[in-house]
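Just so it is clear, none of the values below were taken in a lab; they were calculated from the coordinates. Note that the coordinates shown come from a computational prediction; the quantities given were computed from them, not determined experimentally. Every residue, glycine as well, gets a Cβ built from its backbone with ideal geometry; the counts of neighbours run over all protein chains shown.
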Amino acid sequence: MQRVTAQLVAGLVAAVLSLLAEPCGADGGGLSLADRVIWAVNSGGESHVDVHGIHFKKDPLEGKLGKASDYGLRLPILRSSPEDQILYQTERYNEDTFGYEIPIRDEGDYILVMKYAEVYFAQSQQKVFDVRLNGHVVVKDLDIFERVGHSTAHDEIVPFSIRRGKLSVQGEVSTFNGKLTAEFVKGYYDNPKVCALYVMKGTSDDVPKLQPHPGLEKPEEEEEEEEESEPGEEGGKKKIPGGSKPRVQSGPRTPNPYAADNSSLMFPILVAFGVFIPTLFCLCRL
């Protein structure tokens, strides 16, 4: 009898434990960030394990397509931890469209994270390109300098899902054959590039965030601005919603050399000339 009771108790305990474990397994609990990453590459560079444990492999395109550059090694990269700056200091670029093929076997929700830093150009409209995912344009007219400025880390995050042989990304759907092709599309301004990229299971909330931008402040709560209306408008003023505010230009802020008024400095010089010229004329007459 005691043996039967002990077996019943053990069975009940096992059942309770299994019920408690089911919710954790359903939402992927127990998997670390690194375990959710199915593919990662340090473009133009060697293998690297970042602070989150993600293992970036050496660039498989080395010697096959495009050109690798480590020009950024001479620069510190803002917004990135010192241990992971190498992911933004090396890059692969090409004079034409190029990309990576990423095998994906399982269905589910995924995130493509692409890492960038502009380490060469010092103004916008010098390097602009698109990014395609299996033919879908997911990033349009990417100008890294315009987004964050010079030698500053910038991540582009693209969620997508794969279900029943279909790829869904940004409201578009196409047939999926087991390979995700991330392409960097040649544009009118210089060559497309990428510094590093990885694909992970999950949502955008699971992606580690970069450090705050050191030179670009964006308040979380956008207040409505008022400006004086043009003649003929009623009320004298009109409100501008936060979404229609002019875009804040990022990058190094250069002081306006013409902003200072130096007219006060010229007054003593003019007085000196006014006294000197008559005195010189008198001396010449003597």
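So how strong a dipole does the stretch 130-220 carry about its Cα centre when Lys and Arg Cβ are +1 and Asp and Glu Cβ are -1, to the nearest 20 debye?
Approximately 560 debye in magnitude.
For the stretch 34-205, calculate the relative contact order in percent as a whole number, restricting contacts to Cα pairs under 8 Å that are 6 or more residues apart.
Relative contact order here is 31 percent.
Quick one: putting +1 on the C-beta of Lys and Arg, -1 on the C-beta of Asp and Glu, what dipole do you get for the stretch 34-205 around its Cα centre, in Debye to the nearest 20?
Once rounded to the nearest 20, the dipole reads 360 debye.
Can you give the % of DSSP beta bridges in the stretch 61-175 that are antiparallel, to the nearest 5?
Percent antiparallel among DSSP bridges in the stretch 61-175 is about 95.
Sort 36-44, 64-72 by packing, meaning the average of other beta carbons within 10 Å per residue, with the highest value first.
Ranked from most to least packed, the peptides come out as 36-44, 64-72.
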